[in-house]
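The values are calculated or read from the model by the stated rules, or taken from the named source; none is laboratory data. Keep in mind that what you see is a predicted model, and the values were worked out from it rather than measured. FYI the Cβ positions are ideal-geometry reconstructions off the backbone, even for glycines, and counts take in every protein chain you see. We work out accessible area using only protein heavy atoms, side chains counted, and drop any ligands, DNA or RNA first. Shrake-Rupley method; radii C 1.70, N 1.55, O 1.52, S 1.80 Å.
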Amino acid sequence: MQRKIGYISRGKNNIVSHYNAKKRIYTRRKLARQQHLAIADDDTTKGIAIYKSIAAGGNTKWKGITLTEPAQNSWFDDEGYPKTSRDPITGRFVNPWSSEKSNGENGLVNFLRWKFGGLFRTLDAVGIVDNDAHDKTNPADIQKINRNAAVAAAPFLQADKSIHRTIESDTTNSNADDNNESEKIDLTWIGHSTTLINFPGNFTVLTDPHFSKYAGYIRRNEPPSFGVDDLPNVVDCVLISHDHMDHLDYWSICELIDKSKVKFWVVPLGIKSWLMDKAGVPPEHIIELEWWEAVRLSKDSRSSSPEIEGLVRAFDKSSERASDELHRNISEKNSLMITCAPAQHWCSRTPFDRNRRLWCSYAVHATPASSQNTGFPPQTHSFYFAGDTGLPPEFPLHHMIGDRLGPFDLAAIPIGAYEPNWFMRESHCNPAEAVKIHQAVRAKRSVAVHFDTFDLADEPREEPPKLLLDEVDRVNKEILNMAVEVVAVADEVGISAELEAVESGLASDVIVRSAEDSHATTEKLVKLLPPLVDFAIIKQGQSISSAATRIEQP
């Protein structure tokens, strides 16, 4: 008989896990304090000195991009890429390209305006408040939403199978063997931002685990598609993107620890101390990273437990030689490189710890051992987990991630919790923006997450997948139309060149070579166009592969 999957309780049924967590905390507190990475006082002092050298107000230009909010040189490297940054006065983390608007501080008035919008619209009608003053959205920047069409039931909720419109394009790896399971990344969507990914080289990764009935005070719409007991015996590592309660769930973490399900926890700065102090996670099992910093794990065989080979700063020129040496040392092992990448978001679990912890996205590159690959060098399989992120309107954040860490064979990108736009736009992306992120990070295939599980915002549950499919269709039609225009112009130019050759009396072989050159030029021009968008919507509990069109029913 199949076991019924239920929630993780937050009450009496889970009191043992809570007791075990506190017991782990008390027994390891002294060691945790010794190994905890604290913020050095001299770092803050240095930040103040640099901050004074740049005007806090007005516009600041950085690499041709105008930053309209306070910024400082130390927040960016020499190439213009954002670094892990703190406010020099408060010591809180910031988004370097948008240090004020995207810090999560909408204020009590704006929160009440969102929750009690009807009252504010009434006050606006009588002239007491200006309800439109806060909405600075440029209508040209965001696709118009047809509410009547979008509120209709989502197709993936009506059908037995999920919606996955496969795009056959050059992005598909033609050299991959679709029948070889070791050559694909397989992702199972458990719910919200929780996914279980199987990588070539026998690595398993779990993202933002949440198996509880509540995220804060928000009730889950339906139970998770899988429970903790349904996970593999040991998950190689868990990726935590930030500390919000729908991504960092206390009860889920306690359950994973009690059942010894996780080998390593990979987290951004500040969350290591929370895991140790709140859940009693042993510090030796936590890997804490800042933006652009990576950790490399390796396995000797398919059945072995992963080992930490070391931290890698691939984009730090001073550590380039060490990174190359590390790569050579593990060429005969299965390798998993996890890179902490930027995201536009914020952090807070209480009203008093805003942005005390870092937020991030992750790029994961899995490389099987040389003996498991048919060619040399070994083929690397890449995955991008966007976490929670907004889309900066001016700063090319996700293009930078794609340039440094892409392209990606598969990406998990959020599409929900975006309404009202004036309140959510700095923290979350809508479906149209998710497609832009997919293109910017150069993902060959993406899957939608962060929708349908919790009612975090005002849009209906059925709206995000409907809008995503409409946007994918619109973008792909534009790309196909551009390709048709390019081919038509190229053909016209080629025909004109052939006519001129005939009129001038050139030999037939010269005319043939001219036609071949024209055809080759047309192919090159078409390849310069953006690839067609392959963005999947699957049901919770279903799986999708990076290499083949395959959707498995749970």
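Taking the conditions exactly as written (assigned to a loop (DSSP other than H, G, I, E, B) and open to solvent by less than 10 Å² (accessible area, probe 1.4 Å)), does Pro232 satisfy them or not? Judged against the criteria, Pro232 is not a match.
Conditions (1) among the acidic types (Asp, Glu); (2) at positive phi; (3) modelled with pLDDT of 70 or more; (4) open to solvent by less than 20 Å² (accessible area, probe 1.4 Å), marked per residue:
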position: Ala515; (1), (2), (3), (4): no, no, no, no
position: Glu523; (1), (2), (3), (4): yes, no, yes, no
position: Ile537; (1), (2), (3), (4): no, no, yes, yes
position: Gln540; (1), (2), (3), (4): no, no, yes, no
position: Ala548; (1), (2), (3), (4): no, no, no, yes
position: Gln553; (1), (2), (3), (4): no, no, no, no
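Residues of the range 200-229 being within 15 Å of Ala363 (Cα to Cα) and open to solvent by 10 Å² or more (accessible area, probe 1.4 Å), which ones? Answer for the range 200-229, where residues must be within 15 Å of Ala363 (Cα to Cα) and open to solvent by 10 Å² or more (accessible area, probe 1.4 Å): just Thr204.
Can you run down the residue pairs with Cβ atoms below 7 Å, 6 or more apart or on separate chains, where the first is in the range 465-488 and under 15 Å from Gln439 (Cα atoms) and the partner is part of a helix (DSSP H, G or I)? Here the result reads Leu468/Pro431; Leu468/Ala434; Glu471/Pro431; Glu471/Ala432; Glu471/Val435; Val472/Val435; Val475/Val435, each pair linking the range 465-488 to a residue that is part of a helix (DSSP H, G or I).
Here is a yes/no grid of residues against (1) hydroxyl-bearing (Ser, Thr, Tyr); (2) assigned to a loop (DSSP other than H, G, I, E, B); (3) modelled with pLDDT under 95:
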residue: Pro393; (1), (2), (3): no, yes, yes
residue: Glu419; (1), (2), (3): no, yes, yes
residue: Ala434; (1), (2), (3): no, no, no
residue: Phe451; (1), (2), (3): no, yes, no
residue: Ala457; (1), (2), (3): no, yes, yes
residue: Arg461; (1), (2), (3): no, yes, yes
residue: Leu467; (1), (2), (3): no, no, no
residue: Asp470; (1), (2), (3): no, no, no
residue: Arg474; (1), (2), (3): no, no, no
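The numbered conditions (1) surrounded by fewer than 16 Cβ atoms within 10 Å (Cβ to Cβ); (2) at pLDDT 95 or above are all true for Asp491 except (2).
Per the conditions (1) closer than 21 Å to Ile338 by Cα; (2) free of Cβ contacts under 8 Å to residues at least 40 places away in the same chain, the sole criterion not satisfied by Val205 is (2). Looking at Asp258, Asp243, Asp277, just one residue is open to solvent by less than 10 Å² (accessible area, probe 1.4 Å) and either in contact with a helix residue (DSSP H, G or I) (Cβ under 9 Å, 6 or more places away or on another chain) or among the hydrophobic types (A, V, I, L, M, F, W, C) (or both), and that residue is Asp243. Taking the criterion of being outside any loop (DSSP other than H, G, I, E, B) and without any contact (Cβ under 8 Å) to a residue 24 or more places away in the chain, the residues of the range 76-87 that qualify are Phe76, Ser85.
When you check Gly375 against the structure, is it touching an Asp or Glu at 6+ places or on another chain (Cβ under 7 Å) and either modelled with pLDDT of 95 or more or not in a strand (DSSP E or B) (or both), yes or no? Taking the combined requirement at face value, the residue does not satisfy it.
Results for (1) in contact with a His (Cβ under 8 Å, 6 or more places away or on another chain); (2) surrounded by fewer than 24 Cβ atoms within 10 Å (Cβ to Cβ); (3) of a type in the set (Asp, Glu), shown as yes or no for each residue.
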| site | (1), (2), (3) |
| --- | --- |
| Ala369 | no, yes, no |
| Thr380 | yes, yes, no |
| Leu397 | no, no, no |
| Asp403 | no, yes, yes |
| Leu410 | no, no, no |
| Asn421 | no, yes, no |
| Asp455 | no, yes, yes |
| Asp473 | no, yes, yes |
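Remark: Ser252 matches the filter, which requires a residue to be open to solvent by less than 20 Å² (accessible area, probe 1.4 Å), more than 17 Å from the chain's Cα centre (by Cα) and farther than 24 Å from Glu462 by Cβ.
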